[in-house]
Structures are given as structure tokens and as C-alpha cells.
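Comments concern the structure below.
The values are calculated or read from the model by the stated rules, or taken from the named source; none is laboratory data. Just so you know, these numbers come straight off a predicted model, no measurement behind them. We place every Cβ from the backbone using ideal geometry, glycine too, and count neighbours over all the protein chains shown. In case anyone asks, the SASA skips ligands and DNA or RNA and just uses the protein heavy atoms, side chains included. Shrake-Rupley method; radii C 1.70, N 1.55, O 1.52, S 1.80 Å.
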Amino acid sequence: MDNFRNMALQNTSLLLIVLQICALAWQAWAQVDLRMEDTVEVYMDDSAEIPCLYTFTQAPMMVMVQWFVRERDGVRVRISYSDLTMQKVDENTTYSDRISVRSNSDGETLTIQDVKLSDEREFFCQVSGFSAGSDERRTLLKVFDPPEPPVIEGALSGVSVSGESTAKIASCETRDGYPKPNITWYRDHIPIHPANGLVNVVTLVTRESSGLYTVQSDLHYKVTKEDKDAHFSCEVSYFVPGAVRTSESKGVNITVYYPTSSVEMWKESPQGLVKEGDTVEIHCQGDGNPPAPIIFNREQSDVELDSYEGLLVLKEVSRMDSGVYECHALDLDAVNNDEVLDTLQLTVHYLDPAVVVPKDSEVMLKGESLTATCNALSSLETSTVWFKKGLEVGRGHIMQLQDATFDTAGRYDCEVTVPSLPGLLTSGSVHIIVQGAPQIKDAERDFELMEKVGAWVNLTCEVRGYPRPAITWSITGSQSQSWREVDKKETEDRIHSVVTLKVTTDTVAICNSTNDFGIETKIYNIKSIPFLQTPTARKTSVDNSGVIIVVIIVSILLLAILGSVFYFLYKKGKLLCGRSGKQEIINAYSTKEKTNKDDIVVEMKAKKTEESVLLKGINGEKKPPNDQHPEIINGVLS
């Protein structure tokens, strides 16, 4: 019996072992392949999708899928369940109203709406095919929120290079980012790395109640003089789904205080060369910050010159102001304060008054020669031009006057200039007097004039000479009371006289001019023309204009009479003459070259009584031949 019991126990144990081996073999053959992503990244407030894909080696009779999430305390909480008969979202969880599950042929996808920072946790997908196998995988959901652009602020006060340690020169802050952003400093777009005693970066990270991060970074930096023109900036780098992005701040310049190491001195005005009388402005500026006070003095002189904020003004300079000027920077922080200076050589150019030789005036005789000079002492090369009455007559310091005449006399001005400095100019003059006997204009000509008796004529006498000549007129032929001097003009070496003379007979007028050196005369011979009266003129004397008027009146009357005669003959029908009578008149007129008008009248009367009509007056009465007008007869013949 015991043996049977023992054999039964052994058989049972053997059966169990076989069953276990079969179960293990079944499990090894019946498996599920479950696949999930390690992480899923999403922007905050967006939707996140977490896929759960699975396949079985043996078709299961039923599949059950459950979704779990790990809470902050580590406890797993189911949030969704599905099988062949149902699919539901668990109630009373933090995801009850924000998740949905979508099934497809190869698995499920969990969708989370309006993702929050608190959603950054592990999500589990558990798949069970019962006898066909089961498995579980997890995905970490990562949430991102880009920070605000960085805001940089430089040190409000200046930073001195003389400090022994680093000083805070700028601060950079970025707000509301997740995950925590990082800040990097740059100097002129070159990264700044911490260095002992030179660069130190202090970072303050704050986690806001919203879960977002605010990062503040302070840059402590030991500045040098070279940093005065540098620009410092900060860059924020932060994570986004699948990438890393950056945002750079604007650059700020730091006010750097440093001692003066050198000064520069220059002449601001006038531009170019300086001449006497100019106002000179000299500037001096050091390279320190803040600018050190500037003082001016002349070389080898301790006397401080009056100046204001690095400006030295020299008014109405003279040649005595020429020399070397110095400027110094009074900077107590300078290493070698006594050696921080600069110098400027100032040269004031000048032009002395012109000296003319001969001085003032010079007397010379006609035909002589003279050399005049004009010089002016100057610090620059000069140029001299001679003028007479505004016209250029020579160039150079020396002027030669050869074979002097009265035209040589006059004032000569010399003008001395400096071509390289137009503002410098001086001038002088010399008055040349030429002595000589009188010289009458046009004295070599013979003046023969013909004038009517009673006419008035003007006689001119223009004389040059020095001393100024005297003029006397001598009139012979006309009555002494019939001439007078009407104009007389005098200059230093010239006299101009005009006399008016009434011609009564042949006259000789003589202009005599004399001075200490001689005498010269000018003669006018005037031949008188008697006044002739015409036969028809009245016995009383009339002037030429009256005669012309009388002639015009008589001509008009004769034309009126002639017109009346023609009109009368036309009315009577006797205007045309007979052929024979007309031919005889023409023959008589053309065969005698010197036939007078009286002969023509006689011949007409002898020929035909019909033609005697021509001798009638306007009233039809006949008149003797002597009373007839020759003009009327000539008009008929024509």
C-alpha cells in the first residue's frame, strides 16, 4: 500500500513537472511584441499623442489594454481600460476630462489635451492576451515652454580700471521657461568664460509657482581701457521638442574710467597759415575718462595761459606770439603725470608796410629816366605789382621809367602781396612830376577856318607842362569886345582854355602858353564869309531861317495859282493847244540853250491868240509880260 502511495506521489510530481514544462514551453511560444517610444516631447498647452503598438505570436481570444500613470508619490493610477467589449476612461482622475484613446489594427494611441507642466511623467501601457501572452511598456512625456527673450542691463555707473577685483558690469534675465534655460555672456560676439580674478558669472535660478523657471545672471568683470568701445551681450539657450534654440540680447556699452596716458594738441582755426591780426584757437584733449583738466603754457615757461575746457584762444596775434606751446593733463591717476603733454609750433606770418623809393614824390625832366623800388619785409615770399590809375603798369619790386614825357607824370601805386597767404597785403605810392616847356595839343597843325560874318566860333587851347603854363589869347581882326573866355580848367600840369569869338572880319587868334622852361603858341586863321542877300529878299536883313519860311510860303501860293489856272482852262475847254503851235513852242525851247523866260513868252504871243490865254490871271484879265510869273510858264511847257 505504501509502495502504491509512493508510486502515486512520484507520478503526481512527475505530472506536475511535465505540466510546468509544457506551460513554460507554451509561454515561450505564445508571446506579445509591445512597442512604445521612450519619450514624447510636446509644447505646453499643445496635445500629446503616446502610441502603444503590439502584436501576438498566437492570435489571442481576447485582448485587454490598460493605461496607467505614475503619480508624484510614486503610486500608479489607471486612467483607461479597453477590451473586446468596451473602452472607457476611468473617472475621478486628473486625466478624466483630458484624455482619449484611439484603437487601430496594430495598437492604441493615448491623446492628452492641453498639456501642462504637471503632465511631465511616465505613462504605462499594459497589454494582456491571456494565454496568448501579456506585456507592459512605458513612455516619459516631456513638456517644453520657451522662455521670454533676455533682458540685459549694463552698470548704471562707470567702472574704473584701477579696481583690484572684478566688478559687476551687466545683468541678464530671462523669464518663464521650461526646462531651465541657460545664459552665456559675450564680448563683441565672442563668448566669455569664467576666469579666476578676471571673469566671474553669478547665476540665480528661480522656480515660479507656475513651475516655470526665471534665470538671472550677473557678469562680474575686470575692465581694461580696451573695453571702452566693447559691447557686452547675453544669449539664452533653451530646449524645444527635438532641438535647442537660442535668443540673444542687445549689446550694451560700459562706461570705463581710465587714467590719461596721452594728450593731443591741434590748431582748430584759422585753417592753413596764420597771419598777424588773426584769432587762433588751439585745442588739447587727453585720452582719459573722465577727461582730465588741461592747462596750457609756452615752452620753457611755467606761466599758465588762460584757457577753458581744453581751448586756448589767442586774439589778434602778432609775430611775438610765434613759438612752441604745450598742454598738460592734470590726471592724478596717471602713471607719469609730468610726461603726459603735447606741443605745438605756432608760426605767425607778417608783412611790414611797403617802403617806396623815391619817397612821396620825385621831380624829373622830360627825357630823363628813373628807377623806383617797392619793398616790404615779410616772413614769406612776396609779389609786387605797380598800378597807375588802376591799370597794371609793371611787376616786380623795381619799376623803370625811361625817356620821361608828360604822360609819365602821375601817381604810381605798388601793391605787395603774399601769394601763399592771400590775407597779407600792403601798398605804397610815389608821385612823379615831369618838368618841361609847354606842350600845346595839336599845336603842329594849321587851323584854317571859314565862318560867316556874324557867326560865333569856339576856339580851344589845351596845354601841358610843369610848372603849369599860363595861357594868353591874342585876337587880331575882329573887334576886341567880340570875344571872351568861356571855360578854363586847371590841374597840376595841365590847363584847358576855351574862348568864343564873333566873326566880323578875317581874324587871327593866337594862344600863347609859357612857363619857366619855354613858350609855345597855337594859331587859328579865320576867314570871314560875307552874308549875301537874294533879289527877292527884303531890304532889311533877316536870318537864314526867315528866308526859308518866306520861300516855302511863296511856293505854296504859286502852286495854288497854277492849280486855279488849270481848272479854269479845263472848264472853258481850252486846255489843249494846237498841234502846230505846240510844236513851235517845243522847237523854240529846245533849239536855244540859254533862252530866258521873257523870250518864250513873246514867241507864244506872236504865234496864236489861242495861246495868249496862258498869260491871263485868275480873273481872266490879260497882263503885261513883265508881270507874269516865270514858274507858271515853265509848268505849262512841261
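Put simply, the C-alpha atoms of the range 184-319 give a gyration tensor, and the ellipsoid matching it has half-axes of 54, 16, 12 Å, longest first. Any chance you could check the Cα centroid distance between the range 354-408 and the range 481-500 for me, in angstrom? That distance is 34 Å. Sorting Ser247, Ser162 by solvent-accessible area of protein heavy atoms yields Ser162, Ser247, largest first, with a 1.4 Å probe.
Just to confirm a number: summing +1 for Lys and Arg and -1 for Asp and Glu over residues other than Pro467 whose beta-carbon lies under 11 angstrom from that of Pro467, what do you get? Once positives and negatives cancel, what remains is -2. When peptides 98-108, 199-209, 249-259 are ranked by their average number of other Cβ atoms within 10 Å per residue, the highest-first order is 249-259, 98-108, 199-209. Listed by chain and number, the aspartates and glutamates whose C-alpha is less than 12 Å from the C-alpha of Lys250, apart from same-chain residues fewer than 8 away, are Glu153, Asp188, Glu235. For Lys388, the aspartates and glutamates whose Cα falls under 14 Å of its own Cα, not counting residues fewer than eight places away in the same chain, are Asp407, Asp413, Glu415. Kirkwood analysis of the range 242-290, using all unique Cα-Cα pairs, places the hydrodynamic radius at 15.7 Å.
Leaving out ligands and nucleic acids, and using a 1.4 Å probe, what accessible area per residue does the range 127-261 come to in Å²?
Values: 6980 Å² over 135 residues.
Per residue, the range 127-261 has an accessible area of 52 Å².
Here's the picture: a label point sits 7 Å out from the Cα of Leu330 along the beta-carbon direction, and within the range 268-304 the residues with their amide nitrogen under 17 Å of it are 284-298, 302-304. Of the listed residues His349, His189, the order by accessible area with a 1.4 Å probe, largest first, is His189, His349.
The residue list Gly423, Gln439, Tyr412 was ranked by how far each Cα lies along the charge dipole of the range 408-448 toward its positive end, using unit charges on Cβ atoms, and Gly423 comes out on top. Label positions at His189 and Met64, each projected 7 Å from the Cα along the C-beta direction, are separated by 6.5 nm.
A straight chain from Ile548 to Asp106 at 0.36 nm per residue would run longer than the Cα-Cα distance by 144.5 nm. Applying a threshold of 20 Å to the alpha-carbon distances of Lys452/Lys502; Lys441/Lys489; Lys452/Lys527; Lys488/Lys522; Lys359/Lys441 flags Lys359/Lys441 as lying beyond it.
With a ≥ b ≥ c the root eigenvalues of the C-alpha gyration tensor of the range 199-260, is it rounded (a/c under 1.5), prolate (a/b larger than b/c) or oblate?
Working: a/c = 3.62, a/b = 2.14, b/c = 1.69.
Since a/c reaches 1.5 and a/b is larger than b/c, the shape of the range 199-260 is classed as prolate.
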